[in-house]
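Everything on this sheet refers to the single structure shown next.
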Amino acid sequence: MSDYKNPGIDDVIREAKQYIHNPESLALLEKAANYASEHHAGQFRRSGEPYIIHLTNVAYILATMRCGPVTIAAGFLHDVIEDCGVTHDQLAADFSEEIAELVEAVTKIGTLEYKGKDDPEYQAANHRKIFIAMAKDIRVILIKLVDRLHNMRTLQYQSEKSQKRIAAETLDIYAPIAHRLGISSIKNELEDLSFYYLNREEYYHIAKLVETKKTERDEAVKKMIEDISAMLEANHIEFRIFGRSKHLYSIYRKMATKHKRFDEILDLLAIRIITKTELNCYEILGYIHAAYRPIPGRLKDYIAVPKTNMYQSIHTTIIGNDSKIFEVQIRTEEMDQVAERGIAAHWRYKEGTQYDAKTEQKEIEDKLSWFKNFAVYTEDESNTASASEYMATLQHDVFEANVYVMTPMGRVIDLPNGATPIDFAYRIHTDVGHTAVGAIVNNAMVPLNTALHTGDVVQIKTMKGTGPSEDWLKFVKTNQARNKIKNYLQKKETEKRQERVGEGERILHDELRRRGFDAKEYMEKKKIESVCREFHVSNYTELMYGIAVKSINPTSVCEKLTNQKKSVSEDEALSRVLNKEAPRRNSKLGLIIPGIESMRMSIAHCCLPVYGDDIIGFITKNDGVKVHRTDCPNIQNSKSRIIHVEWDEGEKERLYDSRIIVLARDRSFLLTDIVTVVSQCKVAMESVSATVNHESLTATIKLSVRLHDREQLENMLANVRKVESVISVERKAY
């Protein structure tokens, strides 16, 4: 690996003076340097060098990145708490609370122990601390990235085991962070250094391949630069142009993941053109495409649509002289600075401005769309999700995101491959995800499970009072969306269970009173728990829940509690029903009939009534009471064995099956539009089938759905009737 020249404290001050002129700021740097020298005196690195050399290197790199004086001072001081016994309060008194907080945050990250793949939960817990610190103050991770960079540059002095451990952590955690922050110079160096220590054989193999082709490649690049330069000079465009080489790990990764041979990697012959304005960038692109044949599908305009790390450039791949393939990058000077230094270039220190850490952090969130999502997610999930869940979400949803879609207002949202409108909705805001009922992509309504692609413009339709469907878990791709949906459903299930427990208590209370017992006496929790084993449940809550969902008979519970028995035969129950002698009881179907609980009841499958329909009961000989719609053709001629049945007004949350038949003129996307409308009405789809009559050019679509009541059903039918080309919508009885 390359040798690195160690700068001295004077070099740091000299570099800082290029953009820092305030005497107080320069004095702060000198004070921090002297403070670090004094407290680290007598400490040495494994290389045998005084420890201050490491701190000076960190401060120097921060200065070359044009960081502010507070950040550089913290770079000098970042190890005094950990290695010198200096306390937070002491450092705050000697410098400032701001510097003390930065140093302490870097220290907490520095004390983490990376255990690799052998202990993923411990590893995840440690790395979560890194990202929480990063979400609070971006300067913390800038200092830590530079600290790690210098440690990687001097890794040869560590044992082989330590080299591999540190290199693995760098490649897994720190290089992706540098990439997402747009600091390609640090990211590329960290990746190549890690590659060297993790797979030295492959490193040298690719380095040799690059070196073997170097002379030929340099000649081709030189000739292309001369030709393009002559062309641009003739057109009076201000520019500078140079060849660039791809770093070794990037070549290796393309060969390994895309299964390409070395000579198949197109951008090995690469040229970068730096110009003055955005307009110049597009002018240069036009001249190059006029002179050379571009390869289809290889033009990428990151100026019009920047990457989420603020990277801007035009990339095109052309066929040059002797059929050689070149990748050409075109950008402005400012874009080039951001491409190399990322946020460090965009937020470099500006003399004379009032620095405010919170304001800068907010500005970073506004500019880096992914960082705002990351910060919000960290705040929401750092205390609730497990460490492994948190890290899995960041790794998949943030670091591996490579699909870029936009809101109607032009905000870019980055998502992983296969992400859907629901993933998009939760990335916008949790409430948008929870209340999503439809999606419009590129001005067309699409199903909520549609896979999104780069460039899509996505709009989410929401409806207050709705909630996520469990079916969404089958197709969402981001861990963030999946965790939000699960948390919502679990919360609702807990609330629903509590409601059921209360319902069970009321049922048992009423049953005791009906039998003439003092309900308060027998409803004591200890007394009820004494009979739980009899019903194969472990506690009071489970017993009450079982009574509410009709899996436990309240009559049996009363008998166990009171040591009495009282049974009713089937014939007697039927007699009571026919003569309307027994009290009104509610069934598990949300129905009330004159009868007792043991009487079997079921919804008639022929007409499938839903809550709110006009209904009637028919007493069968062997199958209890069948509940029909009053307009069901199967009971129109029946006069005997008919009984009065009512809906229980307290049971509006149940779901009922219904069958719908739609007749429509056949067209493209007909089925998609109908299914989308049904989904928007918050109706659960059980099954759908469609047949086409080619003679009449009509389509018949049969839907099986589940819904709460007739009002919801009528609303759905009305909306389906509005779908283009729909002729009729009917609710069928068989």
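The values are calculated or read from the model by the stated rules, or taken from the named source; none is laboratory data. This one's a predicted model, so the numbers in the text were calculated from it and none came from an experiment. Cβ: placed from backbone, ideal geometry, glycine included. Neighbour counts: every protein chain shown.
Using the structure shown, decide if ILE251 is closer than 25 Å to ASN321 by Cα and surrounded by 12 or more Cβ atoms within 10 Å (Cβ to Cβ). Write out each step before concluding.
Details: closer than 25 Å to ASN321 by Cα: yes; surrounded by 12 or more Cβ atoms within 10 Å (Cβ to Cβ): yes.
Answer is yes for this residue.
Going through ARG272, ARG217 one at a time, which residue ends up being modelled with pLDDT of 85 or more and closer than 18 Å to GLY320 by Cα? Can you show your working first?
Numbers: ARG217 fails: modelled with pLDDT of 85 or more.
On inspection, the qualifying residue turns out to be ARG272.
Taking the numbered list (1) under 30 Å from GLU649 (Cβ atoms); (2) more than 35 Å from the chain's Cα centre (by Cα); (3) at pLDDT below 90 in turn, LEU697 passes all entries but (1). From the residues in region 158-205 that are over 25 Å from THR64 (Cβ atoms) and of a type in the set (A, V, I, L, M), which one is farthest from the chain's Cα centre (by Cα)? Filtering first and then ranking leaves LEU198.
Helices (runs of 4 or more DSSP H) fully within region 160-201 that include at least 1 residues being among the acidic types (Asp, Glu) and more than 19 Å from ALA256 (Cα to Cα): 160-169, 184-198. Of the residues examined, LYS260 is one that is in a loop (DSSP other than H, G, I, E, B) and either in contact with a helix residue (DSSP H, G or I) (Cβ under 8 Å, 6 or more places away or on another chain) or crowded, with 19+ Cβ neighbours inside 10 Å (or both). Within region 225-237, none of the residues are out of contact with any His (no Cβ under 7 Å at 6 or more places or on another chain), under 30 Å from GLN158 (Cβ atoms), loosely packed, with under 14 Cβ neighbours inside 10 Å and of a type outside the set (Asp, Glu).
For ALA690, are the conditions met, namely being in contact with a helix residue (DSSP H, G or I) (Cβ under 6 Å, 6 or more places away or on another chain) and either small (Gly, Ala, Ser) or exposed (fewer than 15 other Cβ atoms within 10 Å of the Cβ) (or both)?
Here the answer is yes, as ALA690 does meet what is asked.
Filtered by the rule that a residue be touching a helix residue (DSSP H, G or I) at 6+ places or on another chain (Cβ under 9 Å), of a type in the set (Ser, Thr, Tyr) and closer than 30 Å to GLY467 by Cβ, region 486-537 gives a lone residue, TYR488. Of all residues in region 661-687, those that are out of contact with any Ser or Thr (no Cβ under 8 Å at 6 or more places or on another chain) and not aromatic (Phe, Trp, Tyr) total 13.
A single entry from SER538, SER556, SER575, SER567 fulfils the requirement of being over 15 Å from ARG506 (Cβ atoms), modelled with pLDDT of 50 or more and surrounded by fewer than 14 Cβ atoms within 10 Å (Cβ to Cβ): SER538. Looking only at residues of region 10-30 that are among the hydrophobic types (A, V, I, L, M, F, W, C) and surrounded by 15 or more Cβ atoms within 10 Å (Cβ to Cβ), we find that the one that is modelled with the lowest pLDDT is ILE20. The number of residues in region 423-437 being modelled with pLDDT under 90 and more than 15 Å from the chain's Cα centre (by Cα) comes to 1.
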